[in-house]
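To start, the structure under review is shown below, and the notes come after it.
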């Protein structure tokens, strides 16, 4: 995600210097409910920026207040040879438009959060899907109560766990992902533990028709201490498909994530082991993702060089008693970059990148990616986990290589304009199994958020 997603509420004017030292406003989160604006109870602080009176609206003298905000995003994507010219509309250009207003009511220990959604698409061929358009619907709507260190929450909510390898918001596409269910969150100092039981929301293409999935369920626990996350997640899908077979899937994921930064270095290393059953097969799958980088803060353009290396298991012997294909469950929407035709299953990827600060408000990045199949007996999958290229009789592992450039301008504290240009050159596996033209994608985006 671009840096603008982490930009906070900016306080303007020299008169605010003393206030800034006393209090730093929260960053704008994707989920929005994680933002805490309670310090704007001080009316003077609300006067330092035009959005202040909208972030804290006092309701009476009892301390109750309302926070409001909105995101309005327009994104155009143009593809040439999408899916290597193997899809129903290889040359495609479309516009995504969405508006995500929200209201966050706090009354003592009780809270109600509501975020409707208007998401429309124009020009998607052959037809808009659930990630493109849902028209007018409810993205989030829940209530929670805080009892000392414990928060109990129930309703529809977005989830962002760790680096979103397994549970993400699908923020990049037009329709974000939400879940219906209950969650209990325990905080103790800097440690936290989240217990959850959820069903993913299945978006419909008409107004007010989004419903809990009748076939999928998620439950488990996610814990965090400074620098370390650990979790157990269980997933059930009564209509799963792998390698052309369908059946009941019950999958358990055990994960550990180590992350941090020191002296310019930053790292994020995560491993997941999966077990369970799919139809009459035992599940034995895994992934290891590594990210190590260094920011040269005193160099011109303050470059941040990062190297990512991922290994994700695939099925080694089709039709035997063991399924080795990893299931990323509900990962982030643009997993390997702005152009992500392949997803995190049966894959080995290498991804060096450099991010540059061209000015205080303009940033750029250049990245390269290379992809191989982990197992020759398994094919290539997209991000949702659908098989998009079967292995056939191909022996080559090399899927292809990709280059990507991005440019972003934070025009105002609320408005970001960005563009990306990507190209994916097919490798020997794709050439051996079907169409293998080079994919090109151009993305243009404007995003207004407060």
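The values are calculated or read from the model by the stated rules, or taken from the named source; none is laboratory data. Worth saying up front: this structure is predicted, and the values here are computed from it rather than measured. Virtual Cβ from ideal backbone geometry, glycine too; neighbours counted across all protein chains shown.
The table for this structure:
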item	result
Within region 387-399, considering residues that are touching a helix residue (DSSP H, G or I) at 6+ places or on another chain (Cβ under 6 Å) and buried (at least 20 other Cβ atoms within 10 Å of the Cβ), the one modelled with the lowest pLDDT	389
Residue check for residue 436: over 30 Å from residue 202 (Cβ atoms), in a loop (DSSP other than H, G, I, E, B) and in contact with a strand residue (DSSP E or B) (Cβ under 7 Å, 6 or more places away or on another chain)	yes
Members of region 223-254 that are surrounded by fewer than 16 Cβ atoms within 10 Å (Cβ to Cβ) and not in a strand (DSSP E or B)	226, 227, 244
Enumeration of residues in region 32-80 that are assigned to a loop (DSSP other than H, G, I, E, B), surrounded by fewer than 20 Cβ atoms within 10 Å (Cβ to Cβ) and within 28 Å of the chain's Cα centre (by Cα)	33, 34, 35, 36, 51, 70
Selection count, region 265-305, where residues are surrounded by fewer than 19 Cβ atoms within 10 Å (Cβ to Cβ) and either part of a strand (DSSP E or B) or more than 25 Å from the chain's Cα centre (by Cα) (or both)	27
Meets criteria (surrounded by fewer than 16 Cβ atoms within 10 Å (Cβ to Cβ), in contact with a strand residue (DSSP E or B) (Cβ under 7 Å, 6 or more places away or on another chain) and in a strand (DSSP E or B)) for residue 196	no
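A quick yes/no check of all residues on (1) farther than 21 Å from residue 87 by Cβ; (2) touching a residue at least 24 places away in the same chain (Cβ under 8 Å); (3) buried (at least 20 other Cβ atoms within 10 Å of the Cβ):
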site: 339; (1), (2), (3): no, yes, yes
site: 345; (1), (2), (3): no, yes, yes
site: 351; (1), (2), (3): yes, yes, no
site: 354; (1), (2), (3): yes, yes, no
site: 360; (1), (2), (3): yes, no, no
site: 363; (1), (2), (3): yes, yes, yes
site: 369; (1), (2), (3): no, yes, yes
site: 378; (1), (2), (3): no, yes, yes
site: 385; (1), (2), (3): no, yes, yes
